[in-house]
Amino acid sequence: MKFSLVLLASVALGLPTTSNNDYRSSVSQVWDIVDKYSTLGHAQLESRDLSDLDSDIKHRYLVTFRQNATQQEISQHFQDVDKWLSSGSNKRDLGFTQLIEGAFSSVSRNSHALNAFAATDSSPFDGYYGKFDNQTVAKVESSSIVDSVESDTIQTSPSFNGHTLSKEAVEEDKTQADKAAALNGFATVTLNKQFTKNWGLDRISHIENDIPEAAGGNYSLIPEMEYIYGPSKYDTVAYVLDTGVNVTNSGFGGRASEPVKFIEGEPPGDYSGHGTHVAGILGSSTFGVAKDAKIISVKVLNMGNAGPTSAVVNGVNWIIQNNNATRAVINYSATGPVSKAMNQAFVKAVEAGITVVVSAGNFMKDACNYSPANLGSVIDGAIVVAASDQHDKFAVGSSWGSNYGRCVNVFAPGTDIPSLHWKNENLVFFDSGTSMSAPFVSGLVLYHQSQSDNPLSPKDVSDKIINSNPGQIQSPMQDTPNGLAYNEALGQAPPPTTTDLGPKIPTGQPLN
């Protein structure tokens, strides 16, 4: 059972408050210490060269503070670390320089949001990261306000079965939306109908599976299917944490931008194809679920579909600091080792009102063994998405298979999914994996937000999607929720007709 977490930067009860000026001075002192060591400073949130990830993350540690640490305590901790790094021990020949590389904070240095923290002497700082030797790590771990110290790790977004076809073979001239009337609940509403050969769009807009048997073979011969959806009434924003996005692709209609990146050594944009493909599923005009959404690319992975956990945490914090939308979603189609610092950042995003959607992973193992997929059973408003195939079965390929388990919240199409090509607009790129499933759900988050007169909370919109079409997966497993993402354009789905839970899979064991 999931439960809603309290704010990580919790109020420190029973402690005296400081004046606003003294508080801001304490916060500035922390940033000054960070700037002393960081060559780029807090304002740029430390972009760096990630051409050699193994070397980049070596000796880097991510530190998180306990929830009730006060600003005075955290300021004193940074002063202590400054003394340790300035002492003679830092002048030993370590083969690297010890330094604080950046602080983890969802509040910018001069933000008005600091006033709320100052009122209770709670801190805007969730932690920090840097390169330290074993002696320094031991001192940091011994601090009473430190919750965890973890090595930086590599996040990955692998690609499977990628191939291309010409645009003409996939989408004919009838891709423009037609108007159709459909019974939705008890009222007849006007809906849009897009003729498409994209089986994923058809599947998420129908209760029952009507996918042609050939959907996965020769796309030029596949009969057209239909994506049924309602009109947008309100603006929405999608933050795509990925390899970057080709924002000039006409499929985005000028709605895409890439204001920030946390990968140095690569120009802005997508040199992998993964991020553009994901963003195209989420919000492009031809292949997208939410066709009017604004796409904001936050580049945290390199052209090799990988990046350090510290870069992802910085990316999430940047989103929280800069988001002004009341209807927003973060899509993260990657996974890595369990990380408290990463999970903490995504939880803060949910608490800030931003729905988080992440892929379950492609290792045919328990999603609870990976971050941030393990959030699926922890906090409402973070949706973990597994992959299904054209027959509503658990998606398994020749070299991959969807993760499973109690941390999964819902299934979405994830095999042979067409979307935008990152280099050639005359080509369509097909890919498979839970990376493709997640943006279907992110698109549905914005689809529902765009139609609701009142912005939906992350919990409300996630509950709506998770419960939208239960019992559809034809190869169910115990401990894995059996529900398929559906936009409810054609009305609400009936309750499942079977109680078969399928075989029980031992936790952490792969499917056979």
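Quick notes
- A straight line joining the Cα centroids of the stretch 394-427 and the stretch 110-145 runs 38 Å.
- Label-point separation in nm, S166 to N115, each point 7 Å along Cα→Cβ: 6.2 nm
- Across the cross-link table entries K294/K348; K197/K261; K261/K291; K58/K393; K139/K365; K299/K459, which are compared at the Cα atoms, the separations over 32 Å belong to K197/K261; K58/K393; K139/K365.
- Spin-label pair S87-V137: with each label point 7 Å from Cα along the Cα-Cβ axis, the two points sit 1.8 nm from one another.
- Once the C-beta distance of D80 and N322 is scaled by a Förster radius of 35 Å, the resulting FRET efficiency is 0.65 to the nearest 0.05.
- Listed by chain and number, the aspartates and glutamates whose C-alpha is less than 13 Å from the C-alpha of K233, apart from same-chain residues fewer than 8 away, are D292, D453.
- 17 Å cut-off, amide nitrogen to a point 7 angstrom out along E226 Cα→Cβ, residues in the stretch 460-487: 487
- Here the 3J(HN,Hα) profile of the stretch 137-143, calculated from phi with Karplus coefficients 6.51, -1.76 and 1.60 at θ = phi - 60°, is 4, 4, 5, 4, 4, 7, 5 Hz, Gly and Pro shown as x.
- Label separation (K423 vs H391): 3.5 nm, computed from points 7 Å beyond Cα along the C-beta direction.
- Distance from the Cα centroid of the stretch 233-262 to that of the stretch 306-363 is 16 Å (rounded to whole angstrom).
- When all alpha carbon pairs of the stretch 378-441 are counted in 5 Å bins from zero, the resulting P(r) reads 4, 19, 25, 21, 14, 10, 5, 2, 0 %.
- Backbone phi angles across the stretch 438-453, fed through the Karplus curve with coefficients 6.51, -1.76 and 1.60 (θ = phi - 60°), yield HN-Hα couplings of 4, x, 4, 6, 4, x, 5, 4, 6, 4, 5, 5, 5, 9, 7, 5 Hz in residue order; Gly and Pro are listed as x.
Each reported figure results from applying straightforward, stated rules to the coordinates on display, with no laboratory input. All values reported here derive from a predicted model rather than from experimental measurement. With ideal geometry, Cβ positions are generated from the backbone for all residues, glycine too; neighbour counts draw on all protein chains shown.
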